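One structure below.
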């Protein structure tokens, strides 16, 4: 299927059984907040992945590395809670970062079931490169939104986040 027209309630398909191009009615999706958030999320993630391609990093990993860099020694569970990532997903994400020698787990003395997370020396160097790429990504997204659009969007997204149930509850972590 070809890309839907921006802001349109119609999308064009590659064709029907008869080989003719058809128009697909996708109304009321372009006026549904969830649908438009998902579509926007996809283009923003694609931009991030393009800008950070040579670093081979995903947005969730960037978030984890940022929290660890800002809070060295934070427990893995606290990073999960801060970012709204389920424990099972977090383990796999940290495993991948540890395999790349960007993060190290240190057993917490007071609770041997918990791990404190730290950037490795390689992780610290990596973060300086990643921060520059993430800044470029933010500039590109900001440019697409215009000078006031970025702040307005962030404000509205924060409102949704505050007024709707949390992504991950404590019992899911």
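Return the residues of region 61-76 that are surrounded by 15 or more Cβ atoms within 10 Å (Cβ to Cβ) and assigned to a helix (DSSP H, G or I); say none if nothing qualifies.
The answer is 61, 62, 63, 64, 65, 66, 67, 68, 69, 76.
So, residue 100, is that one modelled with pLDDT under 95, farther than 30 Å from residue 162 by Cβ and surrounded by fewer than 20 Cβ atoms within 10 Å (Cβ to Cβ) or not?
On the way: modelled with pLDDT under 95: no; farther than 30 Å from residue 162 by Cβ: yes; surrounded by fewer than 20 Cβ atoms within 10 Å (Cβ to Cβ): yes.
Answer is no for this residue.
Among the candidates 92, 40, 27, which residue alone is modelled with pLDDT of 95 or more, surrounded by fewer than 16 Cβ atoms within 10 Å (Cβ to Cβ) and either in a loop (DSSP other than H, G, I, E, B) or on the phi > 0 side of the Ramachandran plot (or both)? Talk me through it step by step, then tell me what you get.
Details: 92 fails: either in a loop (DSSP other than H, G, I, E, B) or on the phi > 0 side of the Ramachandran plot (or both); 40 fails: either in a loop (DSSP other than H, G, I, E, B) or on the phi > 0 side of the Ramachandran plot (or both).
27 is the lone residue from the list that is modelled with pLDDT of 95 or more, surrounded by fewer than 16 Cβ atoms within 10 Å (Cβ to Cβ) and either in a loop (DSSP other than H, G, I, E, B) or on the phi > 0 side of the Ramachandran plot (or both).
Just a yes or no: is a residue in region 150-168 closer than 24 Å to residue 54 by Cα, without any contact (Cβ under 8 Å) to a residue 24 or more places away in the chain and out of contact with any helix residue (DSSP H, G or I) (no Cβ under 8 Å at 6 or more places or on another chain)?
Filtering region 150-168 for residues closer than 24 Å to residue 54 by Cα gives none.
No, region 150-168 contains no residue that is closer than 24 Å to residue 54 by Cα, without any contact (Cβ under 8 Å) to a residue 24 or more places away in the chain and out of contact with any helix residue (DSSP H, G or I) (no Cβ under 8 Å at 6 or more places or on another chain).
Would you mention how many residues in region 108-135 are in a strand (DSSP E or B) and either at pLDDT 95 or above or surrounded by 14 or more Cβ atoms within 10 Å (Cβ to Cβ) (or both)? Explain how you work it out, then say what you get.
At the first step, the residues of region 108-135 found to be in a strand (DSSP E or B) are 108, 111-119.
Filter once more, keeping what is either at pLDDT 95 or above or surrounded by 14 or more Cβ atoms within 10 Å (Cβ to Cβ) (or both): 108, 114-119.
Here the count works out to 7.
As an exercise: evaluate residue 82 against (1) touching a helix residue (DSSP H, G or I) at 6+ places or on another chain (Cβ under 8 Å); (2) outside any helix (DSSP H, G or I) and give the number of the one condition it does not meet.
It is condition (2) that residue 82 fails.
The values are calculated or read from the model by the stated rules, or taken from the named source; none is laboratory data. These numbers were taken from a predicted model, which means no experiment stands behind them. FYI the Cβ positions are ideal-geometry reconstructions off the backbone, even for glycines, and counts take in every protein chain you see.
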